[in-house]
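A short worksheet on the structure shown next.
The values are calculated or read from the model by the stated rules, or taken from the named source; none is laboratory data. These figures come from a predicted structure and were not determined experimentally. Every residue, glycine among them, receives a Cβ derived from its backbone with ideal geometry; neighbour counts consider all protein chains shown.
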Amino acid sequence: MIKTVDIVKGFKTPEARWARFGPYYAMFPLDFAFEVVEKYSKKGDFIIDPFAGRCSSIYAGGVLGRQSLGIEINPVGWLYGSVKLRPADKKFVIKRLEDIFSRRNYYKRASELMPVFYKMCYCDEVLKFLLAARKYLDWRNDNVDATLMSILLVYLHGKLGEGLSNQMRMTKAMGINYSVNWWGKHNMIKPPRINPLEFILKKIEWRYEKGTPNVQESHVIFGDSTIELEQIVQKAKRVGMKFSLLFTSPPYCSVTDYHADQWLRLWLLGGPQSPKSLQGQYKSRFVSKEDYYNLIDIVFGKCADIMDSKSTIYVRTDAREFTLNSTCEILLKYFPDHIVKIVPKPFKNRTQTEICGNKTKNIGEVDIILMKK
Ligand SMILES: C[S@@+](CC[C@H](N)C(=O)[O-])C[C@H]1O[C@@H](n2cnc3c(N)ncnc32)[C@H](O)[C@@H]1O
């Protein structure tokens, strides 16, 4: 039997090795995800997370024998989640890695034409390899390609020596001008010389060393919850399925839309070369209070249709007034027969809001727990 403590404390089991896969903003602490699932659900229950991020809630549910369903709009979070629930066979992933590596030399000219940021961030061998991976890996449709791509995403940037890049944060990609200036100022304009085949091979060996996780039937859908939930509601009605635990952390109003901080990973997935071009596409959603309110309202409203009457709703969110008040108001509207408990969770470490440069008073997070009377 799997012990939660072995998963949250070490790397001894396959479940533990894959649990922390990959770096993401505002991710749940792993012990918290497992504790909530263990305390508020039982084996065989259905769990849903409509803002799944890197899918720790869904993974904890699956590992602990609950059928779990996540929805995530950001392809980076979705890839981490869907791969850790079902990593492809190691030998196929290695074969695909060798295949992509062998194609890197087609990208000599393309790598020469890349903006200076990329040439300061990656050595020539790595940049050609990344351009080949970007072109050939069919990460949306093929599990082997998804697994390899998500491993590349994990190591795409990080502390010098820990990833494929020049010095950079692991959870957040810095802007182009900021990075170029920073490397210049710190005498780091030359990226580390890395053989990407050898580097990634070692990472694959480590990740698979204990095997792959044993996870109860669980899924994560790549999409917008406001749209995807409708189909889930219809299907749940057809088959008479009810969820016992809604466990989630929605985005926080005015903080981040999770795309800008992942811009370099999104580039590898086929996105634009510069973070600026992402802004038009995504930025507005969590800046407008009205849009934010509507998002949370639609998502919790649709979730209410599929929750069991005795279900638990566990929401971790921002303690600042607008996000907290809106979330409480909406949850009370859709779950009027539940009792509400609000548990303040002051920050111990720096969090998504601080790292994002948000200057409004930052008073931590809260857990809103709704249970049947
Ligand atoms: C606070 S984070 C969740 C982090 C997650 N608990 C974890 O441990 O990684 C909120 C997530 O909601 C996602 N999101 C925002 N709007 C969404 C939508 N309409 N549909 C699905 N996911 C959405 C964001 O991309 C982000 O990953």
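A few notes on this one:
- Elements of type helices (runs of 4 or more DSSP H) contained in segment 273-338, each with 3 or more residues being at pLDDT below 95 and farther than 26 Å from GLY364 by Cβ: 276-282
- Screening ASN362 against (1) modelled with pLDDT under 95; (2) surrounded by 14 or more Cβ atoms within 10 Å (Cβ to Cβ); (3) over 19 Å from PHE28 (Cβ atoms) leaves a single unmet condition, (3).
- The residue pairs whose first member lies in segment 261-276 and is touching a residue at least 40 places away in the same chain (Cβ under 8 Å) and charged (D, E, K, R), whose second member is assigned to a loop (DSSP other than H, G, I, E, B) and surrounded by fewer than 19 Cβ atoms within 10 Å (Cβ to Cβ), and whose beta carbons are closer than 8 Å, counting only pairs six or more residues apart or on different chains, are ASP261/THR171; ASP261/CYS356.
- Candidate set: segment 69-102, residues that are among the small types (Gly, Ala, Ser) and assigned to a helix (DSSP H, G or I); chosen: the one surrounded by the fewest Cβ atoms within 10 Å (Cβ to Cβ): SER102
- Residues in segment 33-57 that are assigned to a helix (DSSP H, G or I) and within 9 Å of the ligand (Cβ to nearest atom): 3 in all.
- Selection status of LYS108, assigned to a helix (DSSP H, G or I), modelled with pLDDT of 95 or more and more than 9 Å from the ligand (Cβ to nearest atom): yes
- As a summary of the residue check, PRO192 satisfies the conditions (1) assigned to a loop (DSSP other than H, G, I, E, B); (2) within 23 Å of the chain's Cα centre (by Cα) except for the one numbered (2).
- Single residue of segment 213-253 satisfying the filter (in a loop (DSSP other than H, G, I, E, B) and surrounded by fewer than 19 Cβ atoms within 10 Å (Cβ to Cβ)) that is nearest to the ligand (Cβ to nearest atom): ASP224
- Check on LYS39, under 22 Å from ALA146 (Cβ atoms) and surrounded by fewer than 24 Cβ atoms within 10 Å (Cβ to Cβ): no
- Contacts under 7 angstrom Cβ, first residue in segment 286-297 being in the same structural domain as THR323 (by TED's automatic domain parsing), partner aliphatic (A, V, I, L, M) and assigned to a helix (DSSP H, G or I), 6 or more apart: ILE296/ILE330; ASP297/ILE330
- Scanning segment 109-134 for residues being surrounded by fewer than 22 Cβ atoms within 10 Å (Cβ to Cβ) and under 21 Å from SER82 (Cα atoms) gives a total of 1.
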